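First up is the structure itself, then whatever we jot down about it.
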Amino acid sequence: MAIGLIIIGDEILSGKRRDQHFPKVLELLAERGLKLDWAEYLGDDPARISATLERTMASGDIVFSCGGIGATPDDHTRQCAASALGVPLVLHPQGRLNIEERIGDMAREAGQEVDLGSPENLHRLKMAEFPEGASLIPNAYNKIAGFTVGTHHFVPGFPVMAWPMIAWVLDNRYSHLFNRQPHSEQSVLVYGSMESTLNPLMEELEARYAPVKVFSLPSVGDALTRSHIELGVKGEPALTATAFADMCAQLAAMRIEFAPCGP
């Protein structure tokens with residue numbers, strides 16, 4: 001199954017907030033022998049969010065969505081998920097209890113009486129309105145849950161909440177997928193050569209060692225580094241090692257200057 005990431009919020013697209021989810025999700029997946037197949041950034045546009053979710057829900061992919069599940073006017077993700085599924089939003093019973101427990105905790109910390117019927121506390125319950133049939137993703141930070149529908153998992157935009165919630169989903173729903181496809185990557189830095197010169201070698205390696213993938217990452221260099229191309233192979237470890245040895249041998253035979261990556 002492919003794994004995707006959706007990051008929602010005008011503040012990301014405007015530059016007011018710097019996205020931190022993408023690198024962290026890569027890390028969480030890599031720790032479990034998984035990889036990210038795609039990612040999309042969306043603003044707070046209900047029509048676009050709904051259309052995107054309708055498309056990704058039809059794909060069968062595992063998808064994590066970060067942001068937009070609060071209860072302010074610019075939070076549309078819960079409603080859009082329901083729209084994409086064609087189901088109503090309903091108040092989740094356990095989600096409601098979690099929020100009421102959080103309200104009680106906050107009141108006690110402030111030395112105040114608990115008033116669950118106050119307008120602001122009734123409004124907070126909207127954060128427990130999820131698409132009909134949704135299940136909860138526990139939030140250890142403040143008890144206000146995220147939600148799952150099918151293979152889509154919705155968490156808040158706050159990293160301190162979102163990242164443990166994503167880890168929980170991975171460990172509790174997808175542990176059977178962990179480390180099923182061992183993966184390795186090996187590369188060298190090639191100097192004084194063009195990608196057009198290397199292209200026949202890359203095509204030959206991909207044909208000979210399929211499904212190993214060959215990649216090239218050009219760099220113009222800087223004050224400390226010469227211009228170069230990072231040329232490498234990635235895939236199943238044993239086949240990748242064989243392809244890498246062949247690649248290095250052919251580079252040497254072509255009298256192309258190259259050096260190992262890293263320190």
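The values are calculated or read from the model by the stated rules, or taken from the named source; none is laboratory data. This one's a predicted model, so the numbers in the text were calculated from it and none came from an experiment. Methodologically, a virtual Cβ is constructed for each residue, glycine included, from the backbone with ideal geometry; neighbour enumeration extends over all protein chains shown. Note: areas computed on protein heavy atoms with side chains; ligands, DNA, RNA excluded. Shrake-Rupley method; radii C 1.70, N 1.55, O 1.52, S 1.80 Å.
Can we say Asn98 is assigned to a loop (DSSP other than H, G, I, E, B), open to solvent by less than 70 Å² (accessible area, probe 1.4 Å), out of contact with any Ser or Thr (no Cβ under 9 Å at 6 or more places or on another chain) and under 17 Å from Met165 (Cβ atoms)?
Working: assigned to a loop (DSSP other than H, G, I, E, B): no; open to solvent by less than 70 Å² (accessible area, probe 1.4 Å): yes; out of contact with any Ser or Thr (no Cβ under 9 Å at 6 or more places or on another chain): yes; under 17 Å from Met165 (Cβ atoms): yes.
No, not satisfied.
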- [ ] Identify all residues within the stretch 243-263 that are surrounded by fewer than 16 Cβ atoms within 10 Å (Cβ to Cβ) and under 14 Å from Ser184 (Cα atoms); write none if there are none.
- [x] Ala245
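Restrict the check to the stretch 176-186 and report whether at least one residue is among the aromatic types (Phe, Trp, Tyr), open to solvent by 30 Å² or more (accessible area, probe 1.4 Å) and more than 30 Å from Thr148 (Cβ to Cβ). Reasoning before the result, please.
Let us first name the residues in the stretch 176-186 that are among the aromatic types (Phe, Trp, Tyr), namely 178.
Still in the running and open to solvent by 30 Å² or more (accessible area, probe 1.4 Å): 178.
Imposing the further condition that a residue be more than 30 Å from Thr148 (Cβ to Cβ) reduces the set to none.
Within the stretch 176-186, none of the residues are among the aromatic types (Phe, Trp, Tyr), open to solvent by 30 Å² or more (accessible area, probe 1.4 Å) and more than 30 Å from Thr148 (Cβ to Cβ).
Only residues that are among the β-branched types (Val, Ile, Thr) and in a loop (DSSP other than H, G, I, E, B): list them for the stretch 207-223, please.
Quick first cut of the stretch 207-223, residues among the β-branched types (Val, Ile, Thr) only: 212, 214, 220.
Of everything in the stretch 207-223, those that are among the β-branched types (Val, Ile, Thr) and in a loop (DSSP other than H, G, I, E, B) turn out to be Val212, Val220.
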Open item on the list: Residue pairs, Cβ under 6 Å, 6 or more apart or interchain, first in the stretch 174-201 and touching a residue at least 12 places away in the same chain (Cβ under 8 Å), second among the polar types (S, T, N, Q). List them.
Closed with: Ser184/Thr240; Glu195/Ser216; Leu201/Gln250
Task: Close pairs from the stretch 204-225: first surrounded by 13 or more Cβ atoms within 10 Å (Cβ to Cβ), partner in a helix (DSSP H, G or I) and among the aliphatic types (A, V, I, L, M), Cβ under 6 Å, at least 6 apart - done: Leu205/Ala243; Leu205/Met247; Tyr209/Leu239; Tyr209/Ala243; Val212/Leu239; Val212/Ala243; Val214/Met202; Val214/Leu205
TODO: Specify the residue that is farthest from Ala162 (Cα to Cα); the eligible residues are those in the stretch 104-123 that are part of a helix (DSSP H, G or I) and touching an Asp or Glu at 6+ places or on another chain (Cβ under 9 Å).
DONE: Ala107
Open item on the list: Name the residue that is surrounded by the most Cβ atoms within 10 Å (Cβ to Cβ), counting only residues in the stretch 54-77 that are outside any loop (DSSP other than H, G, I, E, B) and within 15 Å of the chain's Cα centre (by Cα).
Closed with: Cys66
TODO: Pairs only if they're at least six apart or on different chains, beta carbon under 6 angstrom, first in the stretch 90-119 and in contact (Cβ under 8 Å) with a residue 40 or more places away in the chain, second part of a helix (DSSP H, G or I) and of a type outside the set (Lys, Arg); list them, first residue then second.
DONE: His92/Ala128; Gly95/Ala128; Ile99/Leu125; Ile99/Ala128
Task: Unique match (being at pLDDT 95 or above and either in contact with a Leu (Cβ under 7 Å, 6 or more places away or on another chain) or among the hydroxyl-bearing types (Ser, Thr, Tyr) (or both)) among Ile166, Ile144, Ile137 - done: Ile166
Task: Close pairs from the stretch 37-62: first in contact (Cβ under 8 Å) with a residue 24 or more places away in the chain and β-branched (Val, Ile, Thr), partner in a helix (DSSP H, G or I) and open to solvent by less than 20 Å² (accessible area, probe 1.4 Å), Cβ under 8 Å, at least 6 apart - done: Ile49/Thr77; Ile49/Cys80
Open item on the list: Against the definition (at pLDDT 95 or above, polar (S, T, N, Q) and within 23 Å of the chain's Cα centre (by Cα)), how does Ser175 come out, yes or no?
Closed with: yes
Open item on the list: For the structure I just gave you, tell me whether Ile166 is of a type outside the set (Asp, Glu), open to solvent by less than 10 Å² (accessible area, probe 1.4 Å) and free of Cβ contacts under 8 Å to residues at least 60 places away in the same chain.
Closed with: no
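Collect the residues in the stretch 226-236 that are open to solvent by less than 50 Å² (accessible area, probe 1.4 Å) and either in contact (Cβ under 8 Å) with a residue 40 or more places away in the chain or assigned to a loop (DSSP other than H, G, I, E, B) (or both), keeping them in residue-number order. Full working, then the answer.
Kept after step one, since they are open to solvent by less than 50 Å² (accessible area, probe 1.4 Å), are these residues of the stretch 226-236: 228-233, 235.
Hits for the stretch 226-236 are Ile229, Glu230, Leu231, Gly232, Val233, Gly235.
Does the stretch 19-27 contain any residue that is among the hydrophobic types (A, V, I, L, M, F, W, C), out of contact with any Gly (no Cβ under 8 Å at 6 or more places or on another chain) and open to solvent by less than 60 Å² (accessible area, probe 1.4 Å)? So that I can check it myself, show each step before the final result.
Keep residues of the stretch 19-27 that are among the hydrophobic types (A, V, I, L, M, F, W, C), which gives 22, 25-26.
When the remaining residues are screened for being out of contact with any Gly (no Cβ under 8 Å at 6 or more places or on another chain), the result is 22, 25-26.
Okay, now just the ones that are also open to solvent by less than 60 Å² (accessible area, probe 1.4 Å), so 25.
The answer is yes; a qualifying residue exists.
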